[in-house]
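Q: Can you keep this structure in mind? I'll have questions shortly.
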């Protein structure tokens, strides 16, 4: 198979992530004002519960299957056999997930208060597990993934403005969220026939996948629980309003992180392929380049989100959510930490088959997360949940740096990171001085974003930081 352009793949994944940002930028401010903190809190609490059952249905398949399928993507027969085996395993895991979901209503009385919204959100369980997104990742079909997602998100926005008109419409909002995020997966089976022969009679070998899949499953479980534990524990310990405030604080953060990390994750199939083909030098060059790019984007994004926390809260959620400002500023540091974490997972640990180490790191973080959330939510509420999350996200990449250090530590990378940090620091103080003179939240966001980006770009070019020079060259070629 002809190798697809890494720049094109990264650009398409960036566009996909950008659509994931644009959709909430338009939908969340509208929904938060219509549904109020309590309505938003109910939907987000329900989604946090459903995430647990979704991870059971997915069974840790996505990362494992994307890695393994990328190695055999040029052989249709092997890829067809592998796909059928993974789908068969997913069928059983999805069935088990739904059984456990139903049983939970008998054991946890509080869930019965959210029964209808939970049932609506539970359709994600089926769509996620049967979507075979990993197949299109392995084939580097980022054009199809981006187009499919964009169409469904545009349709979802139309439905949102038509059908969500009052605070009681939170159930409709929950359904539209499912449609926007995973509804497009039903088309994957149709498009997959381009690469897979579903009619071929193949002897399935399921046993060989079980051990690595359960290793990834354990990692996925711990990671997924870590990502939603703060919201879940807030719901139980502090109530719907606190969840609403926390959702407002972390919403923009998640969007910015996804924008950066989605570009990083697009390199997983290629790094796995390079290692399989014994192209170690090419692998090392790619890892080093992406490592520098990771800091180049995440450092100024962290600084910018910290400065713009208050106006972003006002624009996205309204004045009722102002108490979430301090938490949002604290969580802005997650942009840097989660981006580094994504880089380590997708470019070093997973391609290098060190998934057991990844599992142990996630389990340690999970234990720490439960303990810290219980302590700090009880004392500080929403801010306590943010503080606990920050400590956990700082711990994770620190552990994962142990096996990754030799691939990323060199003088060239260190100098590039220092330049990115210096540019971000100067940008931070420059826009901090401008902020008091701009009183309109929307105008503040626009001016600060444009000014900050310009200052950072100029400084990085003057310091001749490699990522800045590389992006400038790409821009020059596009203009020509």
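Each reported figure results from applying straightforward, stated rules to the coordinates on display, with no laboratory input. Only a predicted model underlies this, so the values are computations on that prediction, with no experimental measurement involved.
Q: For the range 6-409, count the residues as N, evaluate 2.2 N^0.38 Å, and divide the Cα radius of gyration by that value, please.
A: That works out to 0.96 for the range 6-409.
Q: In the range 267-339, if every C-alpha pair distance is counted and binned at 5 Å from zero, what percent goes to each bin?
A: Reading upward from the zero bin: 3, 15, 18, 14, 11, 9, 8, 8, 7, 5, 2, 0.
Q: Between Rg and the Kirkwood Rh of the range 312-385, both from Cα atoms, what is the Rg to Rh ratio?
A: Computed over Cα atoms, the ratio is 1.11.
Q: Here is a further query. Report Rg (one decimal) and Dmax (nearest whole number) for the range 363-422, counting Cα atoms only, units Å.
A: Values for the range 363-422 (Cα only, Rg and Dmax): 15.9, 45 Å.
Q: Using every pair of alpha-carbon atoms in the range 107-229, split the distances into 10 Å bins beginning at 0 and state the percent of pairs per bin, rounded to integers.
A: 10, 28, 35, 20, 6, 0
Q: Any idea what the relative contact order of the chain is, in percent, if you count C-alpha pairs under 8 Å spaced at least 6 apart?
A: Value for the chain: 20 percent.
Q: List, largest first, the extents of the alpha carbons of the range 252-407 along their principal axes, each in whole Å.
A: Taking max minus min along each principal axis of the Cα atoms, the range 252-407 gives 56, 32, 20 Å.
Q: Continuing with this model, one more query. Determine by what factor the alpha-carbon radius of gyration of the range 166-266 differs from 2.2 N^0.38 Å, reporting the quotient. Please report the intermediate quantities before stating the final value.
A: Numbers: Rg = 19.3 Å, N = 101, 2.2 N^0.38 = 12.7 Å.
Cα Rg divided by the expected 2.2 N^0.38 Å: 1.52.
Q: Given the DSSP H assignment, sum -39500 (n - 2.57) over each helix run of at least 4 residues in the chain and divide by its residue total; what's the result at 222 nm in deg cm²/dmol, nearest 500?
A: Taken over the chain, the calculation gives -27500 deg cm²/dmol.
Q: Quick one: give the max-minus-min coordinate of the C-alpha atoms of the range 218-330 along each principal axis, largest first, in Å.
A: If we take the Cα atoms of the range 218-330, the spans are 55, 33, 17 Å.
Q: Average the reciprocal distances over every distinct pair of alpha-carbons in the range 241-299, invert the result, and give the Kirkwood radius in Å.
A: This gives a value of 13.5 Å.
Q: So if I take the centroid of the Cα atoms in the range 412-480 and the same for the range 384-407, what is the distance between those two points in Å?
A: That distance is 26 Å.
Q: Report, in whole Å, the centroid distance computed from the Cα atoms of the range 246-266 and the range 142-191.
A: The distance from the Cα centre of the range 246-266 to that of the range 142-191 comes to 19 Å.
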